[in-house]
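Note sheet for the following structure.
The values are calculated or read from the model by the stated rules, or taken from the named source; none is laboratory data. None of these values were measured; they are calculated from a predicted model. We place every Cβ from the backbone using ideal geometry, glycine too, and count neighbours over all the protein chains shown. These area figures cover heavy atoms from the full protein model, side chains too; ligands, DNA and RNA do not enter into them. Shrake-Rupley method; radii C 1.70, N 1.55, O 1.52, S 1.80 Å.
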Amino acid sequence: MGQRTPGLDPRTPGLDPRAPGLDPRTPDPDARWLAAVMHTAFFLLLGSSLARFLMRHPGEPRTPWIIALAVSLALLYVLGPTVGARPTAPRRLIWLSLVVAVWVVIVILAPSFAWCAVPLFYTGLRTLPPRAALFLVAVLTAFVVVAQLQLAGAFDPILLFAPPAWAAVAAAVFLYMQRQAARQRELIDDLIRTRRELAATERREGTLAERQRLSMEIHDTLAQGLSSQQMLLQAADRVWDTDPAKARTHVRTAESITEHGLAEARRFVQDLAPADLADGGDVAQALRALAERESERESERESGAGLTVRFHAEGTPPPLPDRVSSALLRIAQGALANVREHADATTAALTLTFLDDQVVLDVADDGRGFTPPTAAGTGTGTGTGVRGHGLPAIRARARQLGGTLTIESAPGEGAVLSVSIPLTPLIPLTPLEAQ
C-alpha cells in the first residue's frame with residue numbers, strides 16, 4: 001500500500017506529452033531556422049536586384065518608382081509576422097496577395113527583381129493550401145522565365161526550362177516534408193493518446209489489484225479475529241451470571257485477540273509485514289505462534305469442543321523473501337479460518353517443509369471433509385470458501401509466487417491442503433501483483 005503502480009505514467013520522464021519533440025504544439029526550431037534563412041535570402045536578393053538596377057540604369061525616369069516599389073516590398077515583407085500567426089488567417093492571405101502584386105509590378109518594370117521569387121515560393125507554400133500554393137508557384141515561375149529571357153535579349157533554352165525545373169523540385173520537396181511532418185504529428189498524437197489510455201488502464205487495474213489484496217489481507221487477519229471475538233463474547237454473556245470467572249477468562253482472551261488485530265491493522269496502514277513477522281522472526285516461528293493462538297482461543301469455548309492446532313517444521317530453513325514468508329503465513333491463517341468455520345474438526349496440523357528448490361506448507365484437519373473445487377469452479381460441501389475468499393484467495397496467493405495449490409479431501413475423511421512455492425528461481429511479481 002502507498003505505492004504507485006509502475007508503468008506507463010504520462011507524468012514520468014520519457015512519457016510526458018509535454019516533453020520536447022512529443023507535443024505537436026511545440027514550436028519547431030528547424031522551422032524557425034528555415035524561416036530565418038528564407039527571410040535573409042529575400043532581403044539579400046531584393047537589395048542586390050535594386051543595386052544592379054541602379055548600376056545599369058542610373059537616372060532613368062522609372063528609377064524613383066523602382067526604389068519606391070522596392071522599399072514598399074521590403075516594408076510589406078517585414079509586416080508578415082505581425083498579420084497573423086496562423087497560415088490561413090485572412091489578414092495573412094491579404095498580406096501575401098499584396099506582396100505578390102507589388103513584386104509582379106516591380107518585375108514588369110525591372111526584370112532583374114525576378115530572383116526575389118525564390119523566397120516567395122517558400123512563403124506561398126507555407127501560407128496557402130497545396131493546390132493554391134502550386135498555382136502561385138507556377139505563376140511566379142512564369143514571371144521569372146519571362147524576365148530572364150527579357151534580360152538575355154535572345155532565346156536561351158536553359159533560361160526557359162531551368163526555372164520551372166528548379167521550382168518543381170523545390171515545391172515537391174517542400175510538400176513532401178510538410179506531409180511527412182503531418183504524418184509525424186498524427187503518430188505523436190496517437191502515441192500520446194495510447195500512453196494516456198495505458199496509464200489510465202494500469203491505474204484502474206492497480207486499484208482493483210490493491211482492493212483484492214486488501215480484501216484477502218482483511219479476510220485472513222481482521223475478519224478471523226472479529227469472528228473469534230464475537231464467539232468468545234457470546235460465550236461470556238451466556239455464563240456471566242452462572243460462572244463469572246469463566247466469563248472473565250473469555251473476555252480477557254477476546255481482549256488479547258483484539259490487541260493482535262489492532263497490531264495487524266496498524267501494519268496495514270504503515271504498509272509493513274504481518275505482525276508476527278515484523279519483529280524479525282522467521283516464518284516457522286510465526287506459524288508456531290499462530291498454532292498456539294488458534295489452540296488457545298478454541299480450547300476456551302464453552303462447548304469444550306475446541307480445535308487443537310499443532311505445528312511441525314522439516315528441513316533446514318533457507319532465507320526466504322519477505323513476500324514468501326508473508327504469503328505462507330496468510331495462507332495458513334486463511335486455511336485455519338476455513339477449518340474453524342466449515343470443517344467441524346478437533347485437530348489440525350501445520351507442516352512446513354523446506355526442500356532444495358521449494359517450500360511446502362501442508363494444512364491437515366480431521367473434520368468432515370468436502371468435495372475439492374475444480375479448476376473451473378468451486379466444489380460442494382464445506383471448505384469451499386463460499387462465505388468469503390477462502391480457497392480462491394489461497395490459490396491466488398500461491399499463483400502470484402509461481403506456486404501451486406493441491407487439495408486432498410472427501411466427505412467424512414478430513415482434508416489436506418498443500419501449497420508449494422518454488423525457491424530457485426523464484427518467479428518475480430508483475431507490477432500489478434507487487435501491490
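So which of P58, P81 ends up being surrounded by fewer than 16 Cβ atoms within 10 Å (Cβ to Cβ), assigned to a helix (DSSP H, G or I), modelled with pLDDT under 85 and not small (G, A, S)? Give the derivation first.
Values: P58 fails: assigned to a helix (DSSP H, G or I).
None of the others qualify; the one that does is P81.
Run L75 past the list (1) touching a Gly at 6+ places or on another chain (Cβ under 8 Å); (2) under 21 Å from T63 (Cα atoms); (3) free of Cβ contacts under 8 Å to residues at least 24 places away in the same chain and report the number of the one that doesn't hold.
Of (1) touching a Gly at 6+ places or on another chain (Cβ under 8 Å); (2) under 21 Å from T63 (Cα atoms); (3) free of Cβ contacts under 8 Å to residues at least 24 places away in the same chain, only one is false for L75: (1).
Can W33 be described as open to solvent by 80 Å² or more (accessible area, probe 1.4 Å), at pLDDT 70 or above, within 30 Å of L191 (Cβ to Cβ) and out of contact with any Lys or Arg (no Cβ under 7 Å at 6 or more places or on another chain)? Break it down stepwise before answering.
Details: open to solvent by 80 Å² or more (accessible area, probe 1.4 Å): yes; at pLDDT 70 or above: yes; within 30 Å of L191 (Cβ to Cβ): yes; out of contact with any Lys or Arg (no Cβ under 7 Å at 6 or more places or on another chain): yes.
Yes: the conditions hold for W33.
Restricting to the stretch 340-353, and then to whatever is part of a strand (DSSP E or B) and open to solvent by 20 Å² or more (accessible area, probe 1.4 Å), can you tell me which residue is farthest from S409 (Cα to Cα)? Show your work before the answer.
So the first thing to find is which residues in the stretch 340-353 are part of a strand (DSSP E or B), and the list is 347-353.
Add one more test, that the residue is open to solvent by 20 Å² or more (accessible area, probe 1.4 Å), and what stays is 347, 349, 351, 353.
Details: T347: 15, A349: 15, T351: 17, T353: 20 Å.
Within the stretch 340-353, the match that is farthest from S409 (Cα to Cα) is T353.
Listed residues P90, P119; which is at pLDDT below 80, closer than 21 Å to L75 by Cβ and either touching a Gly at 6+ places or on another chain (Cβ under 7 Å) or not aliphatic (A, V, I, L, M) (or both)? Don't jump to the end; show me each part of the working.
Details: P119 fails: at pLDDT below 80.
It is P90.
Being of a type in the set (D, E) and touching a residue at least 24 places away in the same chain (Cβ under 8 Å): is that true of E186 here?
On the way: of a type in the set (D, E): yes; touching a residue at least 24 places away in the same chain (Cβ under 8 Å): no.
Answer is no for this residue.
Return the pairs, sorted by first residue and then second, in which the second residue is part of a helix (DSSP H, G or I) and not hydroxyl-bearing (S, T, Y), the first residue lies in the stretch 156-169 and is open to solvent by 50 Å² or more (accessible area, probe 1.4 Å) and at pLDDT below 80, the beta carbons are less than 8 Å apart, and the residues are 6+ apart or on different chains.
Close Cβ pairs (under 8 Å, with a partner that is part of a helix (DSSP H, G or I) and not hydroxyl-bearing (S, T, Y)) amount to D156/Q148; D156/L149; L160/V145; L160/L149.
Among the residues of the stretch 188-241, write down those that are assigned to a helix (DSSP H, G or I) and among the polar types (S, T, N, Q).
Pass one, the stretch 188-241, residues assigned to a helix (DSSP H, G or I): 188-220, 222-238.
Listed by number, the residues that qualify are T194, T201, T207, Q212, S215, Q224, S227, S228, Q229, Q230, Q234.
Can you tell which of V309, V239 is modelled with pLDDT of 75 or more, β-branched (V, I, T) and surrounded by fewer than 19 Cβ atoms within 10 Å (Cβ to Cβ)?
On the way: V309 fails: surrounded by fewer than 19 Cβ atoms within 10 Å (Cβ to Cβ).
V239 is the lone residue from the list that is modelled with pLDDT of 75 or more, β-branched (V, I, T) and surrounded by fewer than 19 Cβ atoms within 10 Å (Cβ to Cβ).
Inside the stretch 100-121, can you point out the residues that are open to solvent by 10 Å² or more (accessible area, probe 1.4 Å) and under 55 Å from the mean Cα position of the chain (by Cα)?
Hits for the stretch 100-121 are V100, A101, W115, V118, F121.
Which residue pairs have Cβ atoms under 9 Å apart, sit 6 or more places apart or on different chains, and have a first residue in the stretch 240-260 that is free of Cβ contacts under 8 Å to residues at least 40 places away in the same chain and closer than 24 Å to I218 by Cβ and a second that is open to solvent by less than 100 Å² (accessible area, probe 1.4 Å) and of a type in the set (S, T, N, Q)?
Hits for this filter: A254/S228; A254/Q229; E255/Q229; T258/Q229; H260/T221.
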